[in-house]
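Report on the following structure.
The numbers here are math on the coordinates, done by the rules we state, and not lab data. A quick note: this is a predicted structure, and the numbers were derived from the prediction, not measured. Using ideal geometry, Cβ is built from the backbone for each residue, glycine included, and neighbour counts are taken over all protein chains shown.
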Amino acid sequence: MFAIQETLVSEDLLREAFCCDLNKCKGACCNSEGESGAPLDEDELDVMRAMVDVVWDELTPRAQQVIREQGPYFRDKAGDWTTSVVEGRDCVFCTYPSDAECEAAHVPTGSCLCAIEKAFREGRFRTHPAYRDGKVPFMKPISCHLYPARLKQLGDYLVVNYDEQPEMCGCAIRQGRRLKVRLYQCLKDSLIRRFGQEWYDDLCAAAREYSQMP
């Protein structure tokens, strides 16, 4: 572990190769199996609820039903807030656009897309009242943006770990090796979003130090 300001960062972020390959995975991390969806921070809950109105028409009928019955998020068995899921698989915000929509979004046909991220990229959130209140926009929950990095509080420190999933993200691992991209480099934008530029600069310095270790 490397101490970066108030965080502990796993060496895996500095060592492991990783570069998302959407052409191969087609957004598999949005619809992986499990009873819980994407972890949510407390300050994201109001935003997630506000975004339901923005993306409602793009959600599947089953997802709409789950949201009516349970809401867009819930507390899981561990007591953590997560997005609701459809039949133990899809996050309720998963969408499967047409081939034409995939082409317009510059993603492979058959991809699973986050309805919130799609609305963000298209600027549709600007018409929602929550935008004026400063609750919107955000691209998507930070846990989704950071994946496959995961955050966990440990005493006074926030730990940044690598949730390695070879079966789901094997293509990203292979592409990272081919392009010589490390996990912390692949996650640059999301890490800066969560921790800030100064923190990321310190992380890069730690990576250079790590690369010189025997």
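Remarks
- The value of relative contact order for the stretch 1-97, using C-alpha pairs under 8 Å at least six residues apart, is 32 percent.
- Within the chain, the longest segment free of exposed loop sites, counting trypsin sites (Lys or Arg not before Pro) that fall outside DSSP classes H, G, I, E and B and have at most 11 other Cβ atoms within 10 Å, spans 78-179.
- Amide H within-cut-off set for Leu8, under 5 Å, with H built and near neighbours excluded: Leu158, Val159, Val160
- Using C-alpha pairs below 8 Å separated by at least 6 residues, the relative contact order for the chain is 33 percent.
- Estimated FRET transfer efficiency when R0 is 25 angstrom, pair Arg68-Asp41 (beta carbons, to 0.05): 0.55
- Calculated FRET value between Trp56 and Lys152, using beta carbons and R₀ = 41 Å, to 0.05: 0.80
- Averaging the sequence gap over all C-alpha pairs within less than 8 Å and six or more residues apart, then dividing by the number of residues, gives the stretch 26-145 a relative contact order of 33 percent.
- Cleavage-rule hits (chymotrypsin sites (Phe, Trp or Tyr not before Pro)) in the stretch 79-127: DSSP loop, at most 16 neighbouring Cβ within 10 angstrom: none
- Stretchable slack from Lys77 to Ala205, in nm (0.36 nm times residue separation minus alpha-carbon distance): 42.2 nm
- Exposed loop sites are taken as GluC sites (Glu not before Pro) in a DSSP loop (any state but H, G, I, E or B) with at most 16 other beta carbon atoms within 10 Å; the longest stretch of the chain without one runs 88-163.
- Over 25 Å (Cα to Cα) - which of Lys77/Lys118; Lys24/Lys118; Lys152/Lys188; Lys26/Lys77; Lys77/Lys152; Lys24/Lys180 fall in this group: Lys77/Lys118; Lys26/Lys77
- Within the stretch 10-96: Cβ-based charge dipole about Cα centre, in debye rounded to nearest 20 (Lys, Arg +1; Asp, Glu -1): 360
- Label point distance in nm, Thr109-Tyr96, each placed 7 Å from Cα along Cα→Cβ: 1.5
- Taking Gln64, Gln185, Gln165 in turn, the Gaussian network model of the chain (Cα-Cα springs below 10 Å) assigns the largest fluctuation to Gln165.
- Ranking of Leu158, Leu40 by count of other Cβ atoms within 10 Å, fewest first: Leu158, Leu40
- Global form of the stretch 61-180, assessed from the alpha-carbon gyration tensor, a/c cut-off 1.5: rounded
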